[in-house]
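Undergrad: I am attaching a structure below and will ask some questions about it afterwards.
What follows draws every value from the coordinates through simple rules; no lab data is involved. Only a predicted model underlies this, so the values are computations on that prediction, with no experimental measurement involved.
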Amino acid sequence: MSTDILIVSPDDHLVEPADLWTSRLPERYRDIGPRIVRHRGRMDPTVTSDVAFIDDEDGRDADIWHYEDSIIPIPLISAAAGYEIDELTTDPITYDEMRPGCFRPKDRLADMDIAGIEASACFPNTLVRFCGQRFLHAKDKDLALLCIQAYNDFQIDEWGGDSNGRLIPLGIIPLWDVELAAKEVERVAAKGMPAVCFSELPARLDLPSIHSGYWDPFFAACERNNVGIMLHIGSSSSLTKSSPDAPHVVTSALMAVNCTIALVDWLFSAKLKQFPKLKLAFAEAQAGWIPYYLQRVDEVWEDRRAWGGIHPLLTEPPSTQVPGRIWFSTFGDPVAFRILDLVGPDQLMFETDYPHNDTNWPHSTEVANKATEGLDEETKRKVLSTNAKTFFGLV
C-alpha cells in the first residue's frame, strides 16, 4: 500500500468522557443526569440485553455511569485498545485502565497517527448505546433531549473541534419523537455534523418501522441538509441468538445478520426512491454477504410482483438503489475483497473499530494492506479513503 493512502475509518467509538454531561447540562440536572461514580463490584451475568453491574466488595474497582434508575458499567471489551487478545474480558473497568485515546481527542489523534489513520468517525459507547437507545428509554424526556444535545455539541465542538477535520462528528437523535429528531438534524447540520446514527431495525425498539411513513420527516431533514444516516450493528438493541444457552461466541459470529435484514428492509421500503438524495452507511456490517442478498432482492422483486406487496416506486430492480446511496464498512472480511466487483468498489469502506475488542489498531495499516492485496491503486484508495470521504461529504 502506498504510504500516502491513509485510512478514513467510518466506524470507531469514543468512551464518553466522565464530565461530558456534568460540565454541560443545566445545573439543576447535574445530579440526576449521566455521571460517573466509582464502585467496587462485578458484572451481572444474568442480564444479556445490556451491560449490568452488581456491587460486591470482593469485586474490582469500576467507574460506573449513573443515569436515572440505571447504573451502567464500562466493560473492558468496549475500551480494549492496547490490550492483548488474551487479556480481554467483559469485566468493568475504570478510566485509569483505558488508553486516554478512548476519551481524549488529542490522545485519539496520536493513536490514529500510530496506525496510519487520517480521519475517524466515532459512534457512542455503552452509556449512550450505538444510536442513543439509552435516552429513548429515559423517563424524563426533557432531560434526555438536553443530554442528546449536549452529546452532539461535544462531538462537534470538542471531539472534532480542534482536529482539523480528522475527528468526524457523528450525532444521535431523540428517537421517541420524529419531529424533534428532524429539528435536531437541522440544528446539528447547521454546525457541520455530516451524519447521524439511526437504528438498523427500529421496530425492535418498539418504534415504527421504516415502511410506516413515520420517519419521513427525519429522512427529509437528512436529505435536505446532506446528512448521512449511519446504521451500526446492535443499534436495535438486539442480536441474533440461536438459543438461550448458546455461548456468546455464537452471537459474535452472527453479528452481520441484522444488517442483512435491514438492507432488505431499506431496499423494499422505497425510501431511497422517495428521498432521492438520502444516503446510508452500514457500520461494522462486513460485506461478503452482500452479493447474494442483492441477487435475492432482485429475484423476488421479479417473481413476486403480483402478490409480494412491492412498492409502486420500485420500477427497477431494488439492487439498483445501492450505487452512490448505500455504503458498507468492514474491518477485514477477506471474502468481500475477493469479490469486490460484486460488492461494489465504490461502496465498501475500511474501518478500524477503535477501541472495541474487534479493532485492528495499532496494526490497521498492515491489516488494510493484506485486505487490499491485489487491488489496483485506484481501488485501494477508494476502499481505504475516498469512499468514506464521499459518504461524509469531505470530497
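Undergrad: Shape verdict for segment 33-96, please, from the Cα gyration tensor: rounded (a/c under 1.5), prolate (a/b greater than b/c) or oblate.
TA: Judged from the Cα gyration tensor, segment 33-96 comes out prolate (a/c at least 1.5, a/b above b/c).
Undergrad: I would also like to ask the following. Rounded to whole Å and sorted largest first, list the principal axis extents of the Cα atoms in segment 247-310.
TA: 42, 28, 18
Undergrad: Another question about this same structure. Between P247, P317, P100, where does the largest GNM mean-square fluctuation fall for the chain, given springs only between Cα atoms within less than 10 Å?
TA: Comparing P247, P317, P100 in the GNM, the peak value goes to P247.
Undergrad: Is the shape of segment 325-395 rounded, prolate or oblate, going by the alpha carbon gyration tensor and its root eigenvalues a ≥ b ≥ c, with a/c under 1.5 for rounded and a/b larger than b/c for prolate?
TA: oblate
Undergrad: Using Stokes-Einstein with the Kirkwood hydrodynamic radius over Cα pairs, what translational diffusion coefficient do you get for the chain at 4 °C and a viscosity of 1.567 mPa s, in µm²/s rounded to a whole number?
TA: D, rounded to a whole number, is 60 µm²/s.
Undergrad: Based only on Cα atoms, what mean projected area does the convex hull of segment 97-180 have, in nm²?
TA: Here the figure is 6.2 nm², rounded to one decimal.
Undergrad: Measure nothing fancy, just the Cα-based angle from helix 290-303's long axis to the longest principal axis of the chain, in degrees from 0 to 90, nearest 10.
TA: 50 degrees
Undergrad: By the gyration tensor of its Cα atoms, with a ≥ b ≥ c the square roots of the eigenvalues, what is the shape of segment 177-222: rounded for a/c under 1.5, prolate for a/b over b/c, or oblate?
TA: Cα axes put segment 177-222 in the prolate bin.
Undergrad: Specify the angular offset, from 0 to 90 degrees and rounded to the nearest 10, of the alpha carbon long axis of helix 105-115 from the longest principal axis of the alpha carbons in the chain.
TA: Around 60 degrees separate the two axes.
Undergrad: Quick check on the chain: helices-only [θ] at 222 nm, where DSSP H runs of length 4 and up contribute -39,500 (n - 2.57) each and the sum goes over total residues. Nearest 500, please.
TA: Mean residue ellipticity at 222 nm (helix-derived): -8000 deg cm²/dmol.
Undergrad: What's the long-distance tail for segment 137-216, i.e. % of Cα pairs beyond 14 Å?
TA: The calculated P(r) of segment 137-216 puts 64 percent of pairs beyond 14 Å.
Undergrad: Also, I was wondering about something else. Given the options K273, K241, K183, state which has the largest fluctuation in a GNM of the chain using a 10 Å cut-off (strictly under) for Cα springs.
TA: In this elastic network of the chain, the residue with the biggest mean-square fluctuation among K273, K241, K183 is K241.
Undergrad: Rounded to a whole number, what is D in µm²/s for segment 354-395 from Stokes-Einstein with the Kirkwood radius over alpha-carbon pairs (25 °C, 0.890 mPa s)?
TA: Taking Rh from Cα pairs, D becomes 215 µm²/s.
Undergrad: For a quick check, take a GNM of the chain with Cα springs below 10 Å and name the residue from K380, K271, K139 with the largest mean-square fluctuation.
TA: Comparing K380, K271, K139 in a Gaussian network model of the chain, the most mobile one is K139.
Undergrad: Using Cα centres only, tell me the gap between segment 364-378 and segment 54-102 in whole Å.
TA: 33 Å
Undergrad: Only bridges whose two residues both fall in the chain count here: according to DSSP, what percent of them are antiparallel, nearest 5?
TA: 40 percent
Undergrad: Over the Cα atoms of segment 1-121, compute the convex hull volume and normalise it per residue, giving Å³.
TA: Cα-based convex hull of segment 1-121, divided per residue, equals 141 Å³.
Undergrad: Quote the convex hull volume per residue of segment 115-156, based on C-alpha atoms, as a whole number of Å³.
TA: So the per-residue Cα hull volume is 71 Å³.
Undergrad: Tilt of helix 141-153 relative to the longest C-alpha principal axis of the chain, in degrees (0 to 90, nearest 10)?
TA: Helix 141-153 and the main axis of the chain meet at about 80 degrees.
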